[in-house]
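One structure is given here, and the rest of the page talks about it.
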Amino acid sequence: MDKQAFIETLQSKFKMVRTEAGYTQDSMSHTIGLSKKTLVQIEKERILPNWTTCISLCALFRNSEVLTNTFSGDPLELAQVISRGHCVYPLYDSEKVYWETLETRSGYELQFNKGNKIYRVLNDENQPVHASYIEREIRTFFNKQTDLQPV
């Protein structure tokens, strides 16, 4: 897939991604960094989104089933390969200096970033599965994940 085909494909999926996430046009335009008018034009397929908008959509809605199914995998990974010719994966082990482990249970870790003040949960493969600025939200997610695991 080349850059133009990628952009055209994303244009046709914009509204479905927004709907899947439960966003209004106002909240989606604010999240992506577009005017509502521009978002409407993209959703009606009257204009193509620019490359930066496409990257924003892929990064901010990376877990979208619509995008994952459309691109047969991680949309951000594909965008990196199209743009750079290869994909670079984050080395989460090198981030340990920033993250404080608050709790470990059933193979999951609840962590807090001392620099940017976000919380995240890592699975048993040391991969982030959820992040939030809101401690109550992340603790609820952590508890749900670990309650499902055998103790």
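Observations
- Count of the range 116-130 residues, restricted to those that are open to solvent by less than 40 Å² (accessible area, probe 1.4 Å), assigned to a strand (DSSP E or B) and either of a type in the set (A, V, I, L, M) or out of contact with any helix residue (DSSP H, G or I) (no Cβ under 8 Å at 6 or more places or on another chain) (or both), is 2.
- Verdict on T146 being surrounded by 13 or more Cβ atoms within 10 Å (Cβ to Cβ), touching a Ser or Thr at 6+ places or on another chain (Cβ under 7 Å), in contact (Cβ under 8 Å) with a residue 24 or more places away in the chain and within 29 Å of H30 (Cβ to Cβ): no
- Check on V97, at pLDDT below 90, over 30 Å from K13 (Cβ atoms) and loosely packed, with under 10 Cβ neighbours inside 10 Å: yes
- Hits in the range 23-59 (condition: under 14 Å from A79 (Cα atoms) and open to solvent by 60 Å² or more (accessible area, probe 1.4 Å)): N50, T52
The values are calculated or read from the model by the stated rules, or taken from the named source; none is laboratory data. No experiment lies behind these values; they were computed from the predicted model shown. Cβ coordinates were reconstructed from backbone atoms using ideal geometry, including for glycine residues, and neighbour counts include every protein chain displayed. These area figures cover heavy atoms from the full protein model, side chains too; ligands, DNA and RNA do not enter into them. Shrake-Rupley method; radii C 1.70, N 1.55, O 1.52, S 1.80 Å.
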